[in-house]
Amino acid sequence: MTNKEIEDDNEAWDLVLEPKTSWYSLGLSQIIRFKDLLFLFVRRDFVSVYKQTILGPMWFFLQPIITSLTYAIIFGFLANISTEGMPPFLFYMCGITLWNYFSDTLTKTADTFTANASVFGKVYFPRMIVPLSIVLSNLVKLGIQFLLFMIVWLYYFATTSIIHPTIYILLVPVLILIMGFLGLGFGIIITSMTTKYRDLKFLITFGVQLLMYASPIVFPLSLVSVKYPQYKWILLANPVTGIIETFKKAFLGVGEFEWSYLGYSISFTIVILFLGLIVFNKVEKSFMDTV
């Protein structure tokens, strides 16, 4: 070998691109290496949503307020659906706060491949960074809306005697983590499928709405237990049910909390996230041929 060939053979590379062999891997080492890019995507996701809007970040506050007021008027006053003795506005905001995090994460990650095809086709970086950035940017939004919920909750806690927080408040970080990973798992499965079946993305918004009405957000689980016990299993099959009920039990002191409900939600999330990683890692190798 010549001196030039020996020098080339001993050259130390900064980055070596190799095919991914683990079909279940999250690629944490690569994500850590590209952590600066991850934070740039988080900033992009957070800033671009309300860029060039009249009210800007105020929509973070207005969205849950308007939604909670609408539900309070329609379901609370007109339909007279029970809120388990809680003020309707507080009851609906309690459910909406966590639900918005889940639904936003799901719908945005479900568009990962099609929305970023032009970037994926030109530049190398771990593809999982994009859906993870959505989870983190929505976590910032959740923090803002959770602060709003706490202001409303403190008002009713100080002016009424019907709010009874419980020790389950300590589970709130776990509930947020489950909601984020559940939305991520569903989202990366859907985005992997939409690379071949584009019309699936038109069903996402409709499907998320149906899932919301199959969750104890606009009505309490206790109402179904009393009036329609034969359909209770449908709600309990929804992994979001245990999370929402635990959240209500933590802050309001109402709701049907069972460790089995929460355990099912955690188990379902682990399974759906694991399946999502398998599908995502498989599709990312060849999706540019079909997008």
Point to revise | Cα pair count fraction exceeding 16 Å, expressed as % - region 102-153 | key: 50 percent
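Let me spell out the model: positive unit charges on the Cβ of Lys and Arg, negative unit charges on the Cβ of Asp and Glu, origin at the Cα centre of region 194-291. What dipole size does that give, in debye rounded to 20? Walk me through the numbers on the way to the answer.
Details: 9 positive and 6 negative charges, 27 e Å.
In total the dipole reaches around 120 debye.
With a ≥ b ≥ c the root eigenvalues of the C-alpha gyration tensor of region 25-289, is it rounded (a/c under 1.5), prolate (a/b larger than b/c) or oblate?
Values: a/c = 1.96, a/b = 1.62, b/c = 1.21.
Since a/c reaches 1.5 and a/b is larger than b/c, the shape of region 25-289 is classed as prolate.
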Review point. How much FRET efficiency would the formula 1/(1 + (r/R0)^6) give for Ser29 and Ala115, where r is the Cβ-Cβ distance and R0 is 25 Å, rounded to 0.05?
Key: 0.45
**Study point:** Cβ crowding within 10 Å averaged over residues, with 154-167, 132-145, 93-106 ranked highest first
**Key:** 93-106, 132-145, 154-167
Practice item. Report the semi-axes of the equivalent ellipsoid for region 119-208 in whole Å, largest first, where each axis is √(5λ) for an eigenvalue λ of the Cα gyration tensor. Key: 36, 16, 12
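Read-outs throughout are calculated quantities, based only on the coordinates presented, and are distinct from any laboratory measurement. For clarity, every value in this text was computed on a predicted model and none was experimentally measured. Every residue, glycine among them, receives a Cβ derived from its backbone with ideal geometry; neighbour counts consider all protein chains shown.
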